[in-house]
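Chemist: This is the structure I have questions about; it appears just below.
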Amino acid sequence: MTNVQLKILAAKARLGAVIGTYYAKSGHPGGSLSAADIFTYLYFNEMNVDPQNPDKADRDRFVLSKGHCCPSLYAVLAMKGYFEWDELKKLRHVGAMLQGHPDMKGTPGIDMSSGSLGQGISAACGMALAAKLGNNDYRVYTVLGDGECEEGQVWEAAMFASHNNLDNLVVIVDQNGLQIDGTVEEVAGIEPLDKKFEAFGFEVEKIDGHNFDEIAAALEKAKATKGKPFAILARTVKGKGVSFMENQVGWHGKACNDGEFEIAVKELEAQIAELEAEI
Amino acid sequence: MADAVCKATRESFGMALCELAKTNKDIVVLDADLAAATKTSIFQKEFPERFCDCGIAEGNMLGVAAGLAAAGKIPVAASFAMFSTGRAYEQIRNSVAYPALNVKIAGSHAGISTGEDGATHQCLEDIALMRTLPGMTVLNPADHYEMMEATKAAVEHNGPVYIRLGRLAIDSFNDPANYKFELGKGITLHEGNDVAVIASGLVVNEARKAVLSLESEGINARLINIHTIKPIDREIVIKAAKECGQIITVEEHNIIGGLADAVCEVTSSECPVKVTRIGVNDRFGYSGPAWELLEIFGLTEKNIGNVIREVVKG
């Protein structure tokens, strides 16, 4: 898939996140938009998965450790064919397939229930260990928030991953720099994150999380790295793609009102039209 | 009857895992730097390739277990009950119980009989914590033979299970020739209609000795062993309430949240009777030799007998 095609899909994933949270009147658009390019690349250009057979044993696994950013992941899964796009409009509604945080029991394509920060990376380690024990060659990908890295469990898991030589595990940190109470550095200060992961035994690559060439190169490097886990620190813009949400703390966990929704949809549709014109 | 063995249920658990792993290739055992104490070391020695020490990081261990289960393995995660259920409670709640993953959680050194380590290690709340989680099966076996069978049942059951292990070596009382473990089914160890004594875990044998010695006084107490605290055997509890009219619960756990509450939840809705609760009375323990503590906390034959006598004689 070309970069332009990926960009279109990512813009549509952002649109899906805006639509989903608007109809839900709640949810987390900021981090959904920052991670949209990563989700898009993983599902359309990287992972061995089959929407027709979501539970096939040798598939690559994905764990959204920052579970609250599921709206754009759901949009990517819908585009990939796991379920209908219109499910997004029922996000967070009573009886909906799409829960406020990922639910592996109810949603095709979701490999692990998540939402309590710090836990998804441990589950991803467990999946990677299972692959090693069973001599399976599937790979496990997990996306964490940078604020999430304040959880002690992330570092327990990081120690575990390198101690057990989980070179089939890729940890991607969506470094959008913001969390609920302010900037990550103001609230708790996790830098230098690259040195921390290195000290915990990871091979680390820092990239622009909106640049598909850099995402691709980092994932290739991860595959070539043997004997140790790989961390990709993806610098991103929270709220990316919607002008009034970009780099705004306030857009962590609230949905658009009617007027904001109209503007956001217009902006994203314009991006999509512009990209489609390039093809 | 075969010879009574004197063994801590943690050791029986380790032996059972080892036995089961010979035919079940999916079993993976995790520990948090306590393999020698929880006795998963027995498994480790035999199946080192299927054993993973997670270090002193129980939260991560339960998350790793969840991931292993999501990928089709049958992980058994062991530590002291205080840490496997207490420290990792929220990981169990959100990463294991909510997705109903096939994880077996073992809590060793449960109860006051942990002894000298004192209050921080004497977990008296594990059953309460695990019992509140939807879909969690809670097992509290009473002796060596029961633990062997309960471990097998836990591994064969598809879903999350908590199994409580004791540190203290105790005499077995079940007869392996006739013993049958059925998940969710209580076992009547002694017939009688004067009062129903419902016990669980290590104290079942103490209650058994008390009930037997009271026969000579003309007191015929029914004794029921509840190895599965959740789902509790409602039928056996209701029958006991109806036929005996009074119940005494005995457990090595806080009287809040454990066996006593599980029994009262059944009787209060189905057949309200007076329930006298023997257990640790909403307090923390302290250091001391196990049997001394059990005596002080009223969990041995003597006090159980006294309570039965008082309840029956009114």
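Readers should treat all values here as calculations from the given coordinates under stated rules, not as data from a laboratory. This is a predicted model, so every value here is computed, not measured. For neighbour counting, all protein chains shown are included, and Cβ atoms are generated from backbone atoms with ideal geometry for every residue, glycine included.
Chemist: Which of the listed residues, A:47, A:230, A:175, is farthest toward the dipole's positive end in the range A:3-276, when Lys, Arg count +1 and Asp, Glu count -1 at the beta-carbon?
Modeler: Checking the options against the dipole of the range A:3-276, the answer is A:47.
Chemist: Related question: Using r as the Cβ-Cβ distance of residue A:137 and residue B:56, and R0 as 35 Å, what FRET efficiency do you calculate, to the nearest 0.05?
Modeler: On the way: r = 31 Å, r/R0 = 0.90.
So the FRET efficiency works out to roughly 0.65.
Chemist: Further question: If every alpha-carbon in the protein assembly as shown counts as one equal scatterer, what log10 I(q)/I(0) does Debye give at q = 0.11, 0.13 1/Å?
Modeler: Summing over Cα pairs of the protein assembly as shown leads to -0.96, -1.18.
Chemist: Please determine, in degrees from 0 to 90 and to the nearest 10, the orientation of helix A:258-278 with respect to the longest principal axis defined by the Cα atoms of chain A, where the helix direction is its Cα long axis.
Modeler: Taking the Cα atoms of chain A, the angle to A:258-278 is about 70 degrees.
Chemist: Please grab the % of Cα pairs in the range A:168-279 that end up more than 17 Å from each other.
Modeler: Taking all Cα-Cα pairs of the range A:168-279, the fraction more than 17 Å apart is 65 percent.
Chemist: For the pair residue B:156 and residue B:270, what calculated FRET efficiency results from E = 1/(1 + (r/R0)^6), where r is the Cβ-Cβ distance and R0 = 30 Å, to the nearest 0.05?
Modeler: On the way: r = 30 Å, r/R0 = 0.98.
Working from the Cβ atoms, E equals 0.50.
Chemist: OK, next. Who wins for biggest fluctuation among A:68, A:101, A:93 in a Gaussian network model of chain A, springs between alpha carbons below 10 Å?
Modeler: A:93
Chemist: Can you list the trypsin sites (Lys or Arg not before Pro) in the range B:219-314 that are in a DSSP coil and have 12 or fewer other beta carbons within 10 angstrom? Intermediate values should be presented prior to the final figure.
Modeler: Working: sites: B:222, B:234, B:239, B:242, B:274, B:277, B:283, B:302, B:309, B:313; in loops: B:283.
Here the trypsin sites (Lys or Arg not before Pro) that fit, given the DSSP loop and packing criteria, are B:283.
Chemist: May I ask you to list the lysines whose Cα is less than 26 Å away from that of residue A:223, ignoring any residue fewer than eight positions away on the same chain?
Modeler: Residue A:223 reaches A:7, A:56, A:66, A:80, A:132, A:195, A:196, A:206, B:73.
Chemist: For a paramagnetic label modelled at 7 Å from the Cα of residue B:256 toward its Cβ, which residues of the range B:284-314 fall within the zone defined by backbone nitrogen distances under 14 Å?
Modeler: Counting only backbone N, you get B:284-285.
Chemist: Let me ask something else. Non-local amide H neighbours of residue B:224 (under 5 Å, H modeled in plane, Pro and chain starts lacking H): which ones?
Modeler: Here the answer is B:189, B:197, B:198, B:199, since their amide H atoms fall under 5 Å of that of residue B:224.
Chemist: May I ask for the angle, rounded to the nearest 10°, between helix A:70-80 and the longest principal axis of chain A, with both axes built from Cα atoms and the value confined to 0 to 90°?
Modeler: In chain A, helix A:70-80 runs at an angle near 90 degrees to the longest axis.
Chemist: A further question on this structure: In whole angstrom, note down how far apart the Cα centers of the range B:62-133 and the range B:286-314 are.
Modeler: Measuring centre to centre over Cα atoms gives 28 Å.
Chemist: On a 0 to 90 degree scale, rounded to 10, what angle separates helix A:120-133 from the longest Cα axis of chain A?
Modeler: 50
Chemist: If you don't mind, there's one more thing I want to ask. Given chain B, report the % of alpha carbon pairs whose separation exceeds 23 Å.
Modeler: Details: 25773 of 49141 pairs.
The proportion of pairs with Cα distances above 23 Å equals 52 percent.
Chemist: So, one more: Using the Karplus curve 6.51 cos²θ - 1.76 cosθ + 1.60 with θ = phi - 60°, work out ³J(HN,Hα) for each residue of the range A:82-90 in order, rounded to whole Hz, and write x for Gly and Pro.
Modeler: Karplus-based 3J(HN,Hα) across the range A:82-90 equals 6, 7, 6, 4, 5, 4, 4, 6, 9 Hz.
Chemist: Enumerate the amide H contacts of residue B:137 below 5 Å, restricted to partners 5 or more residues apart or on another chain; note that Pro and chain-start residues carry no placed amide H.
Modeler: Counting only residues 5 or more places away or on other chains, the set is B:161, B:162.
Chemist: Out of A:199, A:218, A:17, any idea which swings most in a Gaussian network model of chain A, alpha carbons joined below 10 Å?
Modeler: Result for chain A, Cα springs under 10 Å: A:199 fluctuates most.
Chemist: Given the peptides A:106-118, A:266-278, arrange them by the average over their residues of other C-beta atoms within 10 Å, most packed first. Display every interim value, and only then the final one.
Modeler: Details: A:106-118: 23.2, A:266-278: 14.4.
Sorting A:106-118, A:266-278 by mean packing, highest first, produces A:106-118, A:266-278.
Chemist: Restricting things to alpha carbons, tell me how big the range A:45-93 is in terms of Rg and Dmax, in Å.
Modeler: Rg, Dmax (Cα atoms, Å): 11.6, 33.
Chemist: Please find the FRET efficiency linking residue A:277 to residue A:53, where r is the Cβ-Cβ separation and R0 is fixed at 45 Å, and quote it to the nearest 0.05.
Modeler: Values: r = 36 Å, r/R0 = 0.79.
With a Förster radius of 45 Å, E is 0.80.
Chemist: Give the Rg/Rh ratio for the range B:33-145, taking Rg as the radius of gyration of the Cα atoms and Rh as the Kirkwood radius, to two decimals. Working shown, then result.
Modeler: On the way: Rg = 13.6 Å, Rh = 14.4 Å.
Rg divided by Rh gives 0.95.
Chemist: From the alpha carbon gyration tensor of chain A, can you work out the equivalent ellipsoid semi-axes (sqrt of 5 times each eigenvalue) and give them in Å, largest to smallest?
Modeler: Result for chain A: semi-axes of 28, 21, 18 Å.
Chemist: Give the separation of the Cα centroids, the range B:226-264 to the range A:1-66, in Å.
Modeler: A separation of 49 Å, based on Cα centres.
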